[in-house]
Amino acid sequence: MPISGFPEWLPAQRIIEQSVIDRIRSTFELYGFAPLETRSVEPLDTLLSKGETSKEVYLLHRLQATDDAPSDDQLGLHFDLTVPFARYVVENAGKLVFPFRRYQIQKVWRGERPQEGRYREFLQADIDVVNRDNLPFHYDTEMPLVIGDALSGLPIPAARIQVNNRKVCEGFYRGLGLTDTDQVLRTVDKLDKIGPSRVADLLVETAGATPAQAAACLDLAAISAEDASFVDAVRKLGVGDPLLDEGLEELVRVVETAREHAPGLVVAELKIARGLDYYTGTVYETQLRGYERFGSICSGGRYDNLASSGKDRFPGVGISIGVSRMLGLLFGQQALGVSRSVPTCVLVALPHEDQRVACDRIAASLRRRGIPTEVAPTAAKFGKQIQYADRRGIPYVWFPGGSPDSGGPSSDEVKDIRSGEQVTADAAAWAPPAADLHPVVAGA
């Protein structure tokens, strides 16, 4: 029986997922990111030190442990790919060339309540850049451009990347006189979930804010702009702080760079905070147009203090596409389809069982030239073999020696079962149109 929160796609959906992964991976590599895969488990103290995640971590246990075996009780499945990446960088710093650009496409696990587009086991696709000691800010401006390229090449609704800078928020809160800025950030991050009234109440209850300070925090969170005009909107609130000034300057660079290279992709949204404690500057969240009610499908940010070893510090910036989350939402709305649910392009018909070896040779010849091919499972009547191909979405049927109704010489023939067109063909030379070679993913 199904287990809630652990999706298992149907073959057609899995083909779509693999196509999406291929597009994302190729885009990441075009930007020079190198592939990496880290282990699935991390020490529990590492996982629990990175934000409000203690309720979401899955522990690793053996069913039967022996007294002389080391305990696995302090190992947990990773809940994101940034924390294990930071650990990997520290452990392998002597072998890496900095700045180090990597991508990771792996499963992660979170013990949260499953709902549409939100799972306990899901696939993420991350990119990060880390450097030793200091990371130039221009990498913060690059992240949205990479994601914009990756997503724009997919048959999905247009993406809109919301950006903010935690220095803006923290500086503003300090300027208001609020000291527990981390608590304020975590509370404001719940704005879309619980609404402004409840956020204001929580700021008073948990962050020591006065009603006037809470209202000012909400005023800041309400600011949104596609250009640098958000700076004037913040200034009109009458709050000053050096960290606020620094954050506004950085946020302007991200927004203006995106406006030049990808107009309409990025918007400054000052309510974005991100709940994980390790973010220190730029933060990103991404929504699909028409799916805003479901929240972000791609997020990340700058982290200056996540990875360190002795005197060495490795600041970084990264962003992660929630592949399973994005696809789950689109599948739920029947917004993605594929031309067929199998990779097979050609079914070689089987006239008689004693001709299987000859049919296998035809299939092998087609495969050598990159044409996905299978041989019919049984030597049924050709009409039934055509029906079998049709049910599976296979566009072509190959008849060794021609079909009985062709009336011509005993040469091979291939039939497009969609149009009914049938032609003489040579397995060493024939090829289908490029559009038929592999399943094609398209939006609904």
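By the equivalent-ellipsoid construction on the alpha carbon gyration tensor, the range 118-270 comes out with semi-axes of 28, 19, 16 Å, ordered largest to smallest.
Here LYS415 sits with roughly 50 square angstrom of accessible surface, probe radius 1.4 Å.
Would you work out if the range 170-232 is rounded, prolate or oblate? Take a ≥ b ≥ c from the square roots of the eigenvalues of the alpha-carbon gyration tensor; rounded if a/c is under 1.5, else prolate when a/b is larger than b/c, oblate otherwise.
Details: a/c = 2.01, a/b = 1.37, b/c = 1.46.
The shape class here is oblate.
Helix 356-368: angle to the longest alpha-carbon principal axis of the chain, degrees 0 to 90, nearest 10? That works out to roughly 40 degrees. Between MET1 and GLN115, the contour length at 0.36 nm per residue exceeds the alpha carbon distance by 39.3 nm.
Report summary: the helix-based calculation at 222 nm, which adds -39500 (n - 2.57) for every DSSP H run with n ≥ 4 and divides by the residues of the chain, gives -11000 deg cm²/dmol. Taken along the Cα-to-beta-carbon direction at a fixed 7 Å, the label points for SER411 and ASN134 span 7.3 nm. Excluding ligands, DNA and RNA, the accessible surface per residue across the chain is 47 Å² with a 1.4 Å probe. Counting only protein heavy atoms and using a 1.4 Å probe, the accessible area of ARG369 comes to about 90 Å². Mind running the shape call on the range 79-129? Use the C-alpha gyration tensor, a ≥ b ≥ c as the square roots of the eigenvalues: rounded below 1.5 for a/c, prolate if a/b tops b/c, oblate otherwise. In terms of gyration-tensor shape, prolate. Its Kirkwood hydrodynamic radius, worked out from the mean inverse distance over all distinct Cα pairs, puts the range 205-267 at 13.1 Å. Within the range 336-388, all pairs of alpha-carbon atoms sorted by distance into 10 Å bins from zero give the percentages 25, 47, 24, 4, 0.
Assuming 0.890 mPa s and 25 °C, estimate D for the chain with Stokes-Einstein, Rh taken as the Kirkwood radius over Cα pairs, in µm²/s.
98
Accessible area per residue was computed with a 1.4 Å probe on protein heavy atoms; ASP45 scores about 110 Å². Here the gap between ARG356 and SER309, fully extended at 0.36 nm per residue and compared with their Cα-Cα distance, gives a gain of 10.6 nm.
How far is the Cα center of the range 142-205 from the Cα center of the range 215-263, in Å? A separation of 12 Å, based on Cα centres.
Applying the Kirkwood pairwise sum to the alpha-carbon positions of the range 109-157 produces a hydrodynamic radius of 13.9 angstrom. Our Cα-only numbers for the range 209-322 put the radius of gyration and Dmax at 15.6, 47 Å.
Diagonalise the Cα gyration tensor of the range 101-198 and give the resulting equivalent ellipsoid semi-axes, square root of 5 times each eigenvalue, largest first, whole Å. Mind showing how you got there, number by number?
Working: eigenvalues 150, 102, 47 Å².
Listed largest to smallest, the semi-axes of the range 101-198 are 27, 23, 15 Å.
Quick one: Debye curve from the alpha-carbon atoms of the range 336-434 only, equal weights, vacuum; give me log10 I(q)/I(0) at q = 0.16 Å⁻¹ to two decimals. Rounded to two decimals, the profile gives -0.61.
Carbon-plus-sulfur fraction of the accessible area of the range 349-400, 1.4 Å probe, in percent? List each step's numbers first, then the result.
Working: 1430 of 2710 Å².
Looking at the range 349-400 in its full context, I get 53 percent from C and S.
Figure legend: label point modelled 7 angstrom from the Cα of LEU10 along Cα→Cβ; residues of the range 328-351 with amide N under 18 Å from it are 328-344. Only lysines eight or more places from LYS384 in sequence, or on another chain, were considered; those with a Cα closer than 27 Å are LYS415.
The values are calculated or read from the model by the stated rules, or taken from the named source; none is laboratory data. Values in this document were obtained by computation on a predicted structure and should not be read as measured data. So basically every Cβ, Gly included, is an ideal-geometry build from the backbone, and we count neighbours across all protein chains shown. Quick note on the areas: whole protein, heavy atoms, side chains included, nothing else; ligands and nucleic acids left out. Shrake-Rupley method; radii C 1.70, N 1.55, O 1.52, S 1.80 Å.
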